[in-house]
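Below: one structure, written as structure tokens.
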Amino acid sequence: MKYCRFDEQGQPHYGLVEERDGELWVTAVLASPWEADVASQDFHSFQPKALRDLVLLPPVTPSKIICVGRNYRDHAKELGNEVPAEPLLFFKPPSSLLSAGGVIRLPKVAERVDFEGELAVVIARRARKLGPGNDIQPYIQGLTLANDVTARDLQKKDGQWTRAKGFDTFCPVGPIVDTDMDITAPLTVETHLNGELRQRGSTADFIFGLPQLLQYITAAITLEPGDLLLTGTPAGVGPLAAGDVVEVSIAGLGRLANSVQPEES
């Protein structure tokens, strides 16, 4: 199942997403995307609409957003960093969430703001102290796209990453969640800036795969249903400027497109 979250007359709704003639359409309103059996859903009357014609919202409402830094060797190398011996974790606040089509705002206090296209994982159930013997599939509700927008100069200046990663609009997510994608299959993450390919990497090149990440995280932090895990960005990150359009894509997950403008006064 593929689903999105959208605004209709001031109310948030979850929509069932289907492909028609190569375009994504919302064909029904879901009572809950957490119901595994689509056939048993309490669908509401809805005139099908193209996804691009809806006012989209972030498809997730997480209690926390956990991110993995330097999970691709080439990305660690391009920033002059060592490859980590253990997963490098940091948080982005839920207040940083931004929908597909939303505007990334460049803070006045930052001199350089970078894009970082990523695969994101939506957590399905409470997860605590998972071990090597645990099948991680039941803990993953679906996959989506994310952009770990980063104020690079502030990241270096502060020494820790909370401010640099946490500005409002610094976590675009969406446009859809796919609950049926094979989490063991390699996925190609691409980021285009103003139509030019800037990032292209495969999740097969993760330093730490999803089983390792979930074991490492849940040894310390309990994950709750709806929490979001950003899995790391491939090489090719670069700066954003006012007027840019940045697009993150993975086959089957659509395109997460956002424009860029200065911070509002």
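The values are calculated or read from the model by the stated rules, or taken from the named source; none is laboratory data. Model, not experiment: these values are computed from the prediction. Reconstructed Cβ throughout: ideal geometry from the backbone, glycine too, with neighbour counts over all protein chains shown. Just so you know, the surface numbers come from the protein's heavy atoms only, side chains and all, with ligands and any DNA or RNA stripped out. Shrake-Rupley method; radii C 1.70, N 1.55, O 1.52, S 1.80 Å.
Which of R52, R73, R20 ends up with the largest GNM mean-square fluctuation for the chain, with Cα atoms connected below 10 Å?
R20
Using per-residue counts of other Cβ atoms within 10 Å, averaged over each peptide, order 113-121, 90-98, 189-197, 133-141 from highest down.
Those peptides, ordered most packed to least, come out 113-121, 90-98, 189-197, 133-141.
Any idea which of I221, T203, T184 is furthest toward the positive side of the dipole for the chain, if Lys and Arg beta-carbons carry +1 and Asp and Glu beta-carbons -1?
Value: I221.
Within a Cβ distance under 13 Å of G254, other residues only, what is the Lys/Arg minus Asp/Glu net charge?
Once positives and negatives cancel, what remains is -3.
With a 1.4 Å probe and all protein chains left in place, how much accessible area per residue does segment 51-187 have, in Å²?
44 Å²
Let me cross-check K157: its accessible surface, 1.4 Å probe, with only protein heavy atoms counted, in Å² to the nearest 10?
Around 150 Å² of this residue is reachable by solvent.
Using a Cα-Cα cut-off of under 30 Å, which lysines could be cross-linked to K92, ignoring same-chain neighbours fewer than 8 residues away?
Straight-line reach from K92, under 30 Å: K2, K64, K77, K108, K129, K156, K157, K165.
Is there a quick way to get the dipole size of segment 58-139? I mean about its Cα centre, with the Cβ of Lys and Arg at +1 and of Asp and Glu at -1; what is the value in debye to the nearest 20?
The calculation lands at about 440 debye.
Report the local net charge at V189: Lys and Arg +1, Asp and Glu -1, summed over other residues whose C-beta lies under 9 Å from its C-beta.
Taking every other residue near V189 into account, the sum is -1.
For segment 75-105 and segment 196-231, what is the separation of their Cα centres, given in Å?
11 Å
Provide the FRET efficiency to the nearest 0.05 for the Q9-R255 pair, computing r from the beta carbons and using R0 = 30 Å.
0.70
For labels at W34 and A204 in the simple 7 Å Cα→Cβ model, what's the distance in nm?
Here the answer is 3.6 nm between the modelled labels.
Taking the Cα centre of segment 1-149 as the origin, how large is its charge dipole in debye, to the nearest 20, when only Lys and Arg (+1) and Asp and Glu (-1) carry charge on their Cβ atoms?
560 debye
Starting from the Cα of Y216, step 7 Å toward the Cβ, then list every residue of segment 145-169 with an amide N under 15 Å from that point.
none
Please compute the length gained on full extension between E18 and V245, using 0.36 nm multiplied by the number of residues separating them and subtracting their Cα-Cα distance.
Extra length available between E18 and V245 comes to 79.2 nm.
What distance in nm lies between label points placed 7 Å from Cα along the C-beta direction at A185 and F91?
3.5 nm
Report, to the nearest whole %, how much of the accessible area of the chain belongs to carbon and sulfur atoms, 1.4 Å probe, protein only. Intermediate results must be reported in sequence, preceding the final value.
Numbers: 5700 of 11930 Å².
The C+S portion of the solvent-accessible surface of the chain is 48 percent.
Can you give the local net charge around T218? Use residues other than it whose beta-carbon is closer than 10 angstrom to its beta-carbon, Lys and Arg +1, Asp and Glu -1. If you can, show how the numbers build up before the last one.
Details: positive: R126, R128, K129; negative: none.
Charge balance near T218 sits at +3.
With +1 on each Lys and Arg Cβ and -1 on each Asp and Glu Cβ, and nothing else charged, work out how big the dipole of the chain is about its Cα centre, in Debye to the nearest 20.
Its charge dipole is roughly 780 debye.
Return the label of the correct value of Cα extents along the principal axes in Å, as calculated from the structure shown, out of [x] 53, 49, 31; [y] 56, 45, 37; [z] 53, 49, 34.
Evaluating Cα extents along the principal axes in Å on these atoms matches [x].
I'd like the antiparallel share, as a percent to the nearest 5, of DSSP beta bridges with both residues in the chain.
Antiparallel bridges: around 85 percent, rounded to the nearest 5.
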